[in-house]
Amino acid sequence: MLTLKNVTKTYRHSDGDVYALRDIDLTIGAGDFITVTGGSGSGKTTLLLCMAGLMRPTSGTITFGDRKIETATDKELSAYRSKHIGFVMQSFALIPYLTAIENVMLPLAVPGAGRTDQVSAATDLLQLVGLENRRNHLPRELSAGQQQRVAVARAMINEPSLILADEPTGNLDPALSGEIMQLFTEINKQRGVTIVMVTHSPAAAAYGNRNIRLAEGRILAGA
Amino acid sequence: MRKPSVKGLSVGRLIRIEFRQRRTQMISGLLAITLGIAVIVAIRSISLVSEKAVAINLDNLGANVLVLPQGATVDNYYTADIDAPTLPEEYAETIATSDLTGVDNMSPKLTRRVNVNGEKIVLTGILPKNELVSKPIWKRSGLFGKGLKASCGPSPLNESHGYKDEKLQRKSIEALAEYDCLVGATAAQKLHLKENSNLTIEGKSFRVEKVLPETGTVDDDRVFAHLHTVQRLLGIGSQVSAIEIMGCCNAITDGLLSKLRNILPDTRVTTIGQIVSTQVQTNKLMKKLSVVFLIIIVFVGAVSIGNSMWANVNERKKEIGTLRMIGFPKTSVYRMILTKAMVLGLAGGVLGYAIGSMAAMWLGPEFAGIEVSPTLMLLPASVALSTAVAAIGAAIPAYFAGRIEPFDNMQEN
Ligand SMILES: Nc1ncnc2c1ncn2[C@@H]1O[C@H](COP(=O)(O)OP(=O)(O)O)[C@@H](O)[C@H]1O
Ligand SMILES: [Mg+2]
């Protein structure tokens with residue numbers, strides 16, 4: 001589904017270039033639940049950004065199906081994210097003045113996302129994450145675990161084939177982490193959505209069916 | 001919390017919700033442009049009306065030569081301040097008894113702002129018979145006469161203005177008794193006067209002889225009484241503010257003006273043409289003033305809207321990053337910022353027009369001595385200007401908003 005070949009990313013810095021990714025070769029198959037682990041600064045986030053088309057690699061190629069990601073225009077990349085990708089972030093990235101259900105519907109407000117049954121689709125997903133009775137709450141009126149569940153519902157609303165999650169349990173205690181990981185497992189198993197999840201936590205990493213370890217921008221083991 | 005009825009999201013609704021969220025920020029961005037538009041609208045409203053009023057006035061004056069006191073401005077002639085300079089009434093006789101040729105008619109006038117039934121109204125003292133012949137406008141129908149043209153005698157003017165019932169007109173003014181008065185249409189409305197009503201001018205009781213038909217000139221706001229009554233009432237002696245003269249155009253080119261100047265010391269003898277050119281200069285000045293304000297508004301308005309949008313973009317960096325992440329293209333973010341700015345501009349244009357028009361209605365009579373009504377024509381112009389200025393101001397913040405990348409959300413650890 002998603003293939004990375006020889007992907008290298010360097011950040012320009014006054015002290016010299018920083019290698020965030022070096023020669024990454026990686027193929028992600030449909031239905032995979034991949035966990036990415038590694039120390040801080042090992043390049044995990046950079047890897048997700050490149051997969052999402054939010055950052056261009058310095059060299060190498062990334063293809064989604066038969067689509068070239070690394071050379072696509074902003075418009076094409078936006079459409080790619082809007083149609084195929086769901087995101088879950090460590091900090092939830094909810095819009096503070098939108099209610100839970102509005103946050104869930106937000107990806108459908110993207111021009112061209114075109115789905116008319118926004119409210120019922122979002123209601124179904126809030127049900128899936130167990131928040132149907134909180135749909136008119138603002139993020140600040142929800143606990144951290146509830147906010148992250150709203151974010152998971154938002155990641156699902158565009159019926160993506162790939163969910164990219166960057167330390168989704170990083171701000172949650174172990175019990176809440178477990179709930180979120182249950183959700184991911186369910187989404188992966190029952191809905192067949194491919195998941196790539198960056199995590200620090202070995203407990204969270206155990207939920208995946210394949211692990212990739214990064215160190216200094218290289219893949220160490222697993223792939 | 002907003003009410004629980006849930007609607008689907010669109011870019012437009014997203015903008016509306018965000019607007020509500022940051023009301024004060026948006027209103028502060030609106031202030032400068034609203035004030036700027038208000039100033040322009042006020043200036044333009046007053047000057048448009050004043051241009052029209054003076055043009056109509058001169059057109060309808062029925063006179064083409066004015067004798068004014070030395071040092072008086074044409075403004076004095078219209079605004080009738082309490083201390084406006086005067087000239088002796090006997091000058092009218094001097095003209096009449098001189099061997100000057102080409103003076104078809106004349107009308108000495110005394111004009112003063114006075115208290116009538118508690119309202120500030122301009123009272124004009126006239127000599128009935130004379131006033132009549134050189135002033136055919138009270139029976140005019142249309143608002144705009146022909147262009148200004150010095151005509152020879154009242155007859156062609158009368159014709160061109162459709163003035164027919166001269167006898168009736170003459171009779172009504174000849175009948176103007178010591179304590180009778182004529183009331184302009186607007187003044188009558190303001191003071192709730194009808195024919196035969198009584199009114200008190202500076203403590204004396206007058207009877208309304210007649211309410212004059214509307215002329216579209218300053219005369220509509222005025223009350224007319226017998227010159228000598230007015231002089232006595234105001235304790236001004238035998239003085240007048242001006243003598244309007246209907247001169248024959250040939251005579252004017254033959255040096256009527258300089259002859260008048262010779263026999264009337266300490267006066268300013270001027271033709272309508274000169275007044276018009278004075279007015280044209282004033283109008284030019286007003287236009288320049290408008291242009292100056294226009295430039296200021298474009299700068300200040302654009303900077304203020306730009307500043308407000310800049311603050312908006314800055315504090316929303318994270319949100320914008322999120323929008324980009326979930327698939328909003330750069331152009332969409334760019335458009336959202338521009339739309340917001342243009343909505344502000346639109347609101348600023350409408351508000352500015354409303355405030356400016358109200359200011360003009362209030363300031364016009366106070367400072368320029370003319371009634372100003374809102375000029376609807378200025379509304380689309382204000383809105384267009386304000387929206388364009390807002391768009392210009394927001395261009396840079398919008399550009400930067402489009403460039404915001406969602407890294408903030410992701411590279412936080
Ligand atoms: N915008 C940036 N500019 C310069 N260096 C960066 C930038 N973002 C990340 N880096 C560097 O790239 C490396 C990888 O970063 P990142 O992908 O965020 O790692 P991780 O998510 O595994 O902690 C780190 O050494 C980091 O310091
Ligand atoms: Mg990271």
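Annotations
- A versus B: buried accessible surface, summed, Å² (probe 1.4 Å, to nearest 100): 3200
- For the peptide A:77-90, the mean number of other protein chain Cβ atoms found within 10 angstrom of a residue's Cβ is 4.
- For segment A:2-221, accessible area per residue (1.4 Å probe, heavy atoms of protein chains only), Å²: 40
- Accessible surface ranking for A:Asp166, A:Asp25, A:Asp66, A:Asp74, 1.4 angstrom probe, highest first: A:Asp66, A:Asp25, A:Asp74, A:Asp166.
- Neighbouring Cβ atoms from other chains, within 10 Å of the Cβ of residues in A:154-163, number 1 on average.
- Relative contact order (percent, whole number), segment A:5-61, Cα cutoff 8 Å, 6+ residue spacing: 44
- Separation in nanometres of the label points that stand 7 Å from Cα toward Cβ, at A:Arg140 and B:Arg232: 7.8
- Ranking B:Val41, B:Val350 from most to least accessible surface, computed with a 1.4 Å probe over the protein chains only, gives B:Val350, B:Val41.
- Chain A: angle of helix A:174-191 to the longest principal axis, Cα-based, in degrees nearest 10: 90
- Here the gap between B:Ala96 and B:Ala381, fully extended at 0.36 nm per residue and compared with their Cα-Cα distance, gives a gain of 97.4 nm.
- Distance violations [Cα-Cα > 28 Å] among B:Lys284/B:Lys340; A:Lys83/B:Lys7; A:Lys5/B:Lys317; B:Lys7/B:Lys317: B:Lys284/B:Lys340; A:Lys5/B:Lys317
- Rounded, prolate or oblate (a/c below 1.5 giving rounded, otherwise prolate when a/b exceeds b/c) for segment A:134-223 by Cα gyration tensor: prolate
- Across peptide B:315-325, the mean count of Cβ atoms from other chains lying within 10 Å of each residue's own Cβ comes to 4.
- Spatial separation of Cα centroids for segment B:102-126 and segment A:132-151, in angstrom: 77
- Put a dot 7 Å past the Cα of B:Glu366, heading toward its Cβ, do the same for A:Ser40, and the two dots end up 6.4 nm apart.
- Computed from the Cα positions only, the extents of segment A:2-221 along the three principal axes stand at 50, 39, 37 Å, in decreasing order.
- With both labels modelled 7 Å from their Cα along Cα-to-Cβ, the B:Ser373 to B:Ile295 distance reads 3.6 nm.
- Sequence-separation-based contact order of chain A, relative, with Cα cut under 8 Å and 6+ spacing, percent: 30
- Helix A:74-84 vs. chain A, principal-axis angle (Cα, 0 to 90°, nearest 10): 60
- Antiparallel beta bridges, as assigned by DSSP with both residues in segment A:2-221, represent about 45 percent of the total such bridges.
- Low-density loop positions, chymotrypsin sites (Phe, Trp or Tyr not before Pro), segment A:23-92 - DSSP coil, at most 12 other Cβ in 10 Å: none
- Rounded percent of accessible protein surface that carbon and sulfur make up, chain A, 1.4 Å probe: 49
The values are calculated or read from the model by the stated rules, or taken from the named source; none is laboratory data. No experiment lies behind these values; they were computed from the predicted model shown. Cβ: placed from backbone, ideal geometry, glycine included. Neighbour counts: every protein chain shown. Note: areas computed on protein heavy atoms with side chains; ligands, DNA, RNA excluded. Shrake-Rupley method; radii C 1.70, N 1.55, O 1.52, S 1.80 Å.
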